[in-house]
Amino acid sequence: MEDKEFSHEESIRLINTMISKAKKSYVTKGIGPMVWGALIVFCSLFTWAQIQFHLLPDVDIWFLLIFALLPQIYFTIKEKRQRKFTAYEEVVTGYVWTAFAISIFLTSFYNSKYGTNESSTLVMILYGIPTFITGGMVKFKPLIIGGIACWIISAISIYTPVQTDMLLMALCGLVAWLIPGIILWNRYQKRKAEHGV
């Protein structure tokens, strides 16, 4: 095959076609944010009840987050197999969330070693970082707002006791992940119904 030289107009048309295909391939279902949001809300409220009513003091409900990784990994692998194209934003977002997961793990490890129960503010600050960046990358305002909300809520938590921090953390899970996840899921279902995506 001979190499064909493209005119300026043909080059623009080709670029636009590739962008259009990339957008069609990149479908965010919202399953991940819904799972994580629901788990953060549940674990936070359970921990609040433990502290408030002195229930089951030896139960660490936060280990449920480890089990949430399994379906998350499954859905991620399944979606990657179905896609023909991986957008640059997806690669960057993957690194951002990997850095977040490692940071949360190290914070949990630090807490288990030194017995620190006052790190909920730090965790909420960490919640805001990948949420805000992801929202900016994919231009999705509910995630941007969720990230900012996490930072505002974390600032409030500096002045509240641990049991109140758990309620604030539940609020973070709700506004940063659960609500945006539901919005993404509804958009995906609507797009699927309209276009058979």
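Coordinate-derived values only; no laboratory data. None of the values given here were measured: they were computed from a predicted structure. In this analysis, Cβ positions are derived from the backbone assuming ideal geometry, glycine residues included, and neighbour counts consider all displayed protein chains.
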**Request:** Output the direction-averaged projected area (hull surface divided by four) of the convex hull of the alpha-carbon atoms of the stretch 146-197, in nm².
**Result:** 3.8
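Once you've got the Cα coordinates, tell me which of 139/192; 29/113; 78/113; 141/192 are over 32 Å apart.
29/113; 78/113
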**Asked** Using r as the Cβ-Cβ distance of residue 55 and residue 110, and R0 as 22 Å, what FRET efficiency do you calculate, to the nearest 0.05?
**Response** 0.30
**Request:** Whole Å is fine, so just give me how far the alpha carbon centre of the stretch 42-69 lies from that of the stretch 154-187.
**Result:** 16
**Prompt:** How much length is gained if the chain between residue 88 and residue 103 is pulled fully straight, taking 0.36 nm per residue apart and subtracting their Cα-Cα distance, in nm to one decimal?
**Reply:** 3.1 nm
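Kindly state, to the nearest 0.05, the FRET efficiency for residue 192 paired with residue 70, given R0 = 30 Å and r defined as their beta-carbon distance.
Given R0 = 30 Å and the Cβ-Cβ separation, E is 0.75.
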